[in-house]
Amino acid sequence: MAKQNSVIIDPGHGGGDPGAVYGNRREKDDTLALSYDIGNALERRGVRVEYTRVGDVYNSPYEKAQIGNSSTADLFLSIHRNAMAVPGPASGTLSLIFGRGGDAETFAENINKKLAAVGWNDLGISERPNLVVLRDTALPAVLVEVGFIDNAEDNKLFDTRLAEIAQAIADGIMDTLTSTENEASDGQPAAE
C-alpha cells in the first residue's frame, strides 16, 4: 500500500501575536484564511494535512517545530505576510529556508515558481538559519511571505485571487512531493 503524503501547515502568528498590522488588517487572519484554502486544495488531492493552529491561538515557534517533528509529515510550510518599516514600496513573495541545498530549497523554488505564475513578483529565496521554525524543524521546511500586508496592490491580489494563490502553493507542494518520491524510487536518498 502506498504511503499517504502528509504536510504540516503553519498559519503564522495567532492569539496575542497579530503579526504585521496595517490599518485593520492583521497578518494572523490572512495567514489562517490562506492556510485553510491550501489545506483544502491538498486534501482534495489525497494529501493528509495537519495545522499548527486551527483558530486564533498562539503557539511559540518552538512548539510549532515540535508539532512538525512529532508528526509523520513529509513537509512543513509556514505561511506569513511581509511588511516594511515604511509602508508601501515593497511588493512580492519571498520564501525563507534554513540553508541552501536539499529538499527545502527545491520546495521553496517550486512554490515561488507557482506564485509567480499567479502574478506575484518573485523576490526569490533567502536563507534564515536563525528562524526557529526553520532551524528546529527536522523535516524540509519553508516559510513563505505571501505579499506585503502594507502594500495596497499586494493586498488586492491577495484578496481577489486567494483561491488561485492557495492552489498555486498546493501545486508547488505537489511538485515537491512528486520530486522527492521520484528520487526515493530511483534508489537515491532524498536530500535533507
### Summary
Taking first residues from region 85-98 that are more than 11 Å from residue 123 (Cβ to Cβ) and second residues anywhere that are of a type in the set (S, T, N, Q) and crowded, with 20+ Cβ neighbours inside 10 Å, the pairs with Cβ under 9 Å that are 6 or more apart or on different chains are 87/151; 88/151; 89/151; 98/137
### Summary
residue 54: passes all of (1) modelled with pLDDT under 95; (2) open to solvent by 80 Å² or more (accessible area, probe 1.4 Å) but (1)
### Verdict on residue 66 being modelled with pLDDT of 95 or more and either open to solvent by 40 Å² or more (accessible area, probe 1.4 Å) or under 25 Å from residue 135 (Cβ atoms) (or both)
yes
### Message
Whether any residue in region 130-139 is of a type in the set (D, E, K, R), in contact (Cβ under 8 Å) with a residue 12 or more places away in the chain and open to solvent by less than 60 Å² (accessible area, probe 1.4 Å) is what I want to check.
### Response
yes
### Message
Just the residues that are of a type in the set (Lys, Arg) and assigned to a loop (DSSP other than H, G, I, E, B), please, taken from region 41-51.
### Response
44, 45
### Summary
In region 73-99, anything over 23 Å from residue 166 (Cα atoms) and either open to solvent by less than 10 Å² (accessible area, probe 1.4 Å) or in contact with a strand residue (DSSP E or B) (Cβ under 6 Å, 6 or more places away or on another chain) (or both) is listed as 99
### Task
Please enumerate the residues belonging to region 1-40 that are more than 13 Å from the chain's Cα centre (by Cα), surrounded by fewer than 21 Cβ atoms within 10 Å (Cβ to Cβ) and assigned to a helix (DSSP H, G or I).
29, 40
### Message
Against the definition (open to solvent by 70 Å² or more (accessible area, probe 1.4 Å), at pLDDT 95 or above, within 15 Å of the chain's Cα centre (by Cα) and of a type in the set (Asp, Glu)), how does residue 127 come out, yes or no?
### Response
yes
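The values are calculated or read from the model by the stated rules, or taken from the named source; none is laboratory data. None of these values were measured; they are calculated from a predicted model. When we count neighbours, we look across all protein chains shown, and the Cβ atoms used for this are built from the backbone with ideal geometry, even at glycine. In case anyone asks, the SASA skips ligands and DNA or RNA and just uses the protein heavy atoms, side chains included. Shrake-Rupley method; radii C 1.70, N 1.55, O 1.52, S 1.80 Å.
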